[in-house]
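**Student:** One structure, as structure tokens, below. Some questions next.
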Amino acid sequence: MAARDTTSLLLGLLLLFLTWGAWADEVNMEDRVKVFRGEPAQITCMFTSSEGIGGLIIQWFYVTRSGDKQRIAYQDATMNIVDQGTPFTDRISANVTGATGESVLTIEDVQVQDEREFICLIKAITGWTGEGRTNLKVFQKPDRPTIEAVKTGISVNEEEPSKIATCEVKNGYPMPTIAWYRNNTPLLDGVTVTPSITHQSNGLISVRSELSMKVMKEDKDDEFYCEINYDVPEGSAMTESERISITVYYPSTAVDVWVESPKGKIKEGDSVELHCKGNGNMPSSIFGFSANTPAGELSEDGNMIVLENVTRHNNGVYTCTSTDTDTFEEVTGDITVEVNFLDEAVVRPEDTVVVDQGQELQATCNALSSLQTETVWFKDGQKVSTGHTLMLKDTTFDTAGTYTCVITVTEIEGMVTTGTLKAYVRGSPEIFKPDDTEIEASFESMVDLSCTVRGYPAPNVIWTDSDGKIHKDNQMKMEDKIRSQISIKVTSDITAYCNASNEFGNASETFNIRAILNTTPPAITTTSTSSSTISSTTVKAETAIPPKKIKKEGNGVVIAVIIICILLLAILGSVLYFLYKKGKICGRSGKQDLTKEKSSKDNIVVEMKSDNTEEAVLLGVNGEKQPPNDQ
């Protein structure tokens, strides 16, 4: 019984040992490790073993291009070495962690050439061997793709597919792919894609793709671009090139002709520039103008014509023809040119019109034009009437003058013509009222007189005075007036007449000239005498009275003033004589001797008299009265 139990226990322990060994001795690794070029890569080898870490030998290998294994690292309980002479010698390290049971191989600065299969080989001292394998995948994001369209245009007449553009992407790994698009739609059918691949020394790959297709007119506005697809550690990525357009040559199906200048309506004298253009795009097309009117100067490319200084004779249809020199097909277009005109203004009556005062003045102004016109009449810059007919009633001399009619085409700026009419109004002369006809002037001075006369026919002007004398004048003729001027010497009061006359009547203007006199009062002398000496004192007062204007109603006042002055002088003489007799003059009596010697010059007397027959008082050398006959 005991032997049977012991046997069962041994069998159970053996089974447990075998089961443990099967679970414990194994190696696990990832199928792939992905990393960007230039970055570090870590490859992990996980293992379990009943021997423990101290009883294991760990070796790392990589598989060469020929399929051989090349060891690059070695690890055991006593050492950790990197094999020399391999592509990884300077860039790898291997670390073992016993607690987790893993060995990590680190590769620095991974390159495209490092994309290999790596092997982790583990041996136990009991003879057990385990192996794991991992593929290292290297990625490089390519540069932005470049696209270049063909520099020349592509004709729709080409029978074979034409090269459209080239797309190139550089420095990618693994190899990127190129797909072509037109207006966001993949180009699949009817296109030819020619790829080319370039492997560089660093392992990177450049791809170039050329697109060819048969173009149509509708492709002229299309946008073409290429799409690049490439792998990255996380999966895949995509980028697009710039978008390009191509030049498509196609023949015209219609020709458009237009007036480039002037803008708007055309008038005589303009320079007209005509252009034409087909709706096609074909460099082999040529253009030519033809017309049923005299042609202008053609431009070098033939799609423009210039008509200088056009007239109404240039009206007509101008045709432009586009010819495709490849197929010799012709397409035409035309335009009708209309040159607007405005003839010179015609005024009736022509040049001049004569109308009697109080009558009606009527005139017309017209001009032949291809467009509606507007007529305005002006006189001296002022607007006086509108419309083709000028009508003025109750004419006066103010109506006379020059009238200008201005005819304008309102639709076209600068389209204007003018005409003039000289109007005369017949009637008796009219003298413009002078500023002053009552004039005062100094005696013997010269006075200028003038009068302005108007009338039609031109009046005859004559100057006369109150004595019937005719004075020669100076005349200046103005547009509708005559200005006459004379100079008269003032010798007395004068009345002058400006007389104007023509066949319809006469007119006259009177000028009254008053002569002004200058007055000077006499000198006053006082004489004193004695028996021995004679003292004479002379007082002389002389005042110059300036000329002054004399009015008609002031003659009596002037005479009164003169009489009063004479009376005052007489009174002054009497007072002086009385004071002399009383001895109040010179501080002495009237009989006191004078120290000065007699002289015949001292016998000076003062005579004071009025304008009437007053008695003259004569004073002798002794101060006594003398009879008048003793003078």
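The values are calculated or read from the model by the stated rules, or taken from the named source; none is laboratory data. The structure presented is a predicted model; accordingly, all values stated were derived computationally and were not measured. Note that we place each Cβ from the backbone using ideal geometry, even for glycine, and neighbour counts take in every protein chain shown.
**Student:** Taking segment 70-119 on its own, how many of its residues are part of a loop (DSSP other than H, G, I, E, B) and aromatic (Phe, Trp, Tyr)?
**Tutor:** Counting residues in segment 70-119 that are part of a loop (DSSP other than H, G, I, E, B) and aromatic (Phe, Trp, Tyr) gives 1.
**Student:** Taking segment 372-402 as the search range and keeping residues that are among the charged types (D, E, K, R) and either in a strand (DSSP E or B) or modelled with pLDDT of 95 or more (or both), which one is nearest to ALA458 (Cα to Cα)?
**Tutor:** LYS379
**Student:** What's the number of the only condition in (1) buried (at least 20 other Cβ atoms within 10 Å of the Cβ); (2) among the aliphatic types (A, V, I, L, M); (3) over 30 Å from ALA41 (Cβ atoms) that ALA254 fails to meet?
**Tutor:** (1)
**Student:** Sticking with this structure for a sec: Which of (1) at positive phi; (2) surrounded by 17 or more Cβ atoms within 10 Å (Cβ to Cβ) is the odd one out, the single condition ASP109 does not satisfy?
**Tutor:** (2)
**Student:** Considering each of ASP356, ASP334 in turn, give the residue that is touching a residue at least 60 places away in the same chain (Cβ under 8 Å), within 30 Å of ALA400 (Cβ to Cβ) and among the charged types (D, E, K, R).
**Tutor:** That would be ASP356, the only listed residue that is touching a residue at least 60 places away in the same chain (Cβ under 8 Å), within 30 Å of ALA400 (Cβ to Cβ) and among the charged types (D, E, K, R).
**Student:** With the checklist (1) more than 23 Å from TYR230 (Cα to Cα); (2) outside the structural domain of ILE53 (by TED's automatic domain parsing); (3) of a type outside the set (Val, Ile, Thr); (4) at pLDDT 95 or above in hand, flag the one item GLU158 doesn't pass.
**Tutor:** (4)
**Student:** Output the residues belonging to segment 228-268 that are aromatic (Phe, Trp, Tyr) and touching a Gly at 6+ places or on another chain (Cβ under 7 Å).
**Tutor:** Going through segment 228-268, the residues aromatic (Phe, Trp, Tyr) turn out to be 230, 249-250, 258.
Passing the criteria: TYR230, TYR249, TYR250.
Table: residues versus (1) closer than 30 Å to ASN183 by Cα; (2) out of contact with any strand residue (DSSP E or B) (no Cβ under 9 Å at 6 or more places or on another chain); (3) not assigned by TED's automatic domain parsing to the domain that holds LYS214.
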site: MET282; (1), (2), (3): yes, no, yes
site: PHE287; (1), (2), (3): no, no, yes
site: MET304; (1), (2), (3): no, no, yes
site: GLU308; (1), (2), (3): no, no, yes
site: TYR318; (1), (2), (3): no, no, yes
site: SER322; (1), (2), (3): no, no, yes
site: THR327; (1), (2), (3): no, yes, yes
site: ILE335; (1), (2), (3): no, no, yes
site: GLU350; (1), (2), (3): no, no, yes
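**Student:** Checking ALA345 against (1) within 30 Å of TYR456 (Cα to Cα); (2) touching a Gly at 6+ places or on another chain (Cβ under 7 Å); (3) modelled with pLDDT under 95; (4) not basic (Lys, Arg): exactly one of these is not met. Which one?
**Tutor:** With respect to (1) within 30 Å of TYR456 (Cα to Cα); (2) touching a Gly at 6+ places or on another chain (Cβ under 7 Å); (3) modelled with pLDDT under 95; (4) not basic (Lys, Arg), ALA345 is out only on (3).
**Student:** Still on this structure, I have one more. If you go through segment 258-266 one residue at a time, do you hit one that is under 24 Å from GLU158 (Cα atoms) and touching a residue at least 40 places away in the same chain (Cβ under 8 Å)? It would help to see each step written out before you state the result.
**Tutor:** As a first pass, look at segment 258-266 and keep what is under 24 Å from GLU158 (Cα atoms): none.
No, there is no match, as no residue in segment 258-266 is under 24 Å from GLU158 (Cα atoms) and touching a residue at least 40 places away in the same chain (Cβ under 8 Å).
**Student:** Here's a follow-up. Would you check if VAL96 is over 30 Å from ASP219 (Cβ atoms) and at pLDDT 90 or above?
**Tutor:** On the way: over 30 Å from ASP219 (Cβ atoms): yes; at pLDDT 90 or above: no.
Spelling it out, it is not the case that VAL96 is over 30 Å from ASP219 (Cβ atoms) and at pLDDT 90 or above.
**Student:** Looking at segment 353-408, which of the residues that are in contact with a strand residue (DSSP E or B) (Cβ under 8 Å, 6 or more places away or on another chain) and small (Gly, Ala, Ser) is farthest from GLU479 (Cα to Cα)?
**Tutor:** Here the answer is SER370.
**Student:** Does VAL346 satisfy the criteria of being more than 36 Å from the chain's Cα centre (by Cα), surrounded by 14 or more Cβ atoms within 10 Å (Cβ to Cβ), under 30 Å from VAL416 (Cβ atoms) and among the β-branched types (Val, Ile, Thr)?
**Tutor:** Working: more than 36 Å from the chain's Cα centre (by Cα): yes; surrounded by 14 or more Cβ atoms within 10 Å (Cβ to Cβ): yes; under 30 Å from VAL416 (Cβ atoms): yes; among the β-branched types (Val, Ile, Thr): yes.
So VAL346 passes the test.
**Student:** Here's another thing I want to ask about it. Of a type in the set (Phe, Trp, Tyr), at negative phi and in contact with a helix residue (DSSP H, G or I) (Cβ under 9 Å, 6 or more places away or on another chain) - does that describe any residue in segment 58-66? Don't jump to the end; show me each part of the working.
**Tutor:** Of the residues in segment 58-66, the ones of a type in the set (Phe, Trp, Tyr) are 60-62.
Still in the running and at negative phi: 60-62.
Narrowing the set further to residues that are in contact with a helix residue (DSSP H, G or I) (Cβ under 9 Å, 6 or more places away or on another chain) leaves 62.
Among the residues of segment 58-66, at least one is of a type in the set (Phe, Trp, Tyr), at negative phi and in contact with a helix residue (DSSP H, G or I) (Cβ under 9 Å, 6 or more places away or on another chain), which makes the answer yes.
**Student:** Here's something else I'd like to know. Those residues that are closer than 13 Å to ASN460 by Cα, of a type outside the set (Phe, Trp, Tyr) and outside any strand (DSSP E or B), I need them from segment 484-516; list them, please.
**Tutor:** GLU503
**Student:** Filter segment 416-448 down to residues that are of a type in the set (Asp, Glu) and under 30 Å from GLN357 (Cβ atoms) and give me whichever is surrounded by the fewest Cβ atoms within 10 Å (Cβ to Cβ).
**Tutor:** First, pick out the residues of segment 416-448 that are of a type in the set (Asp, Glu): 430, 435-436, 438, 440, 444, 448.
Within this subset, residues satisfying the condition of being under 30 Å from GLN357 (Cβ atoms) are 430, 435-436.
Numbers: GLU430: 18, ASP435: 5, ASP436: 8.
For segment 416-448, the residue satisfying everything is ASP435.
**Student:** Something else about it: Would you be able to tell me the number of residues in segment 161-202 that are in a loop (DSSP other than H, G, I, E, B) and in contact (Cβ under 8 Å) with a residue 60 or more places away in the chain? Walk me through how you get there before you give the answer.
**Tutor:** Residues of segment 161-202 that are in a loop (DSSP other than H, G, I, E, B), as a first pass: 161, 174-176, 183-184, 187-190, 200-202.
Then keep just the ones that are in contact (Cβ under 8 Å) with a residue 60 or more places away in the chain; that gives 202.
Within segment 161-202, residues that are in a loop (DSSP other than H, G, I, E, B) and in contact (Cβ under 8 Å) with a residue 60 or more places away in the chain number 1.
**Student:** Taking interchain pairs and intrachain pairs at least six residues apart, which have beta carbon atoms under 6 angstrom, with the first residue in segment 472-499 and at positive phi and crowded, with 17+ Cβ neighbours inside 10 Å and the second of a type in the set (Lys, Arg) and in a strand (DSSP E or B)?
**Tutor:** Once the first residue is at positive phi and crowded, with 17+ Cβ neighbours inside 10 Å and sits in segment 472-499, no partner that is of a type in the set (Lys, Arg) and in a strand (DSSP E or B) comes close enough.
**Student:** Those residues that are outside any loop (DSSP other than H, G, I, E, B) and either small (Gly, Ala, Ser) or crowded, with 17+ Cβ neighbours inside 10 Å (or both), I need them from segment 54-69; list them, please.
**Tutor:** As a first pass, look at segment 54-69 and keep what is outside any loop (DSSP other than H, G, I, E, B): 54-63, 69.
Scanning segment 54-69 gives GLY54, GLY55, LEU56, ILE58, GLN59, TRP60, PHE61, TYR62.
**Student:** Among the residues of segment 305-321, is there at least one that is within 17 Å of ASP270 (Cα to Cα), touching a helix residue (DSSP H, G or I) at 6+ places or on another chain (Cβ under 9 Å) and not polar (S, T, N, Q)?
**Tutor:** yes
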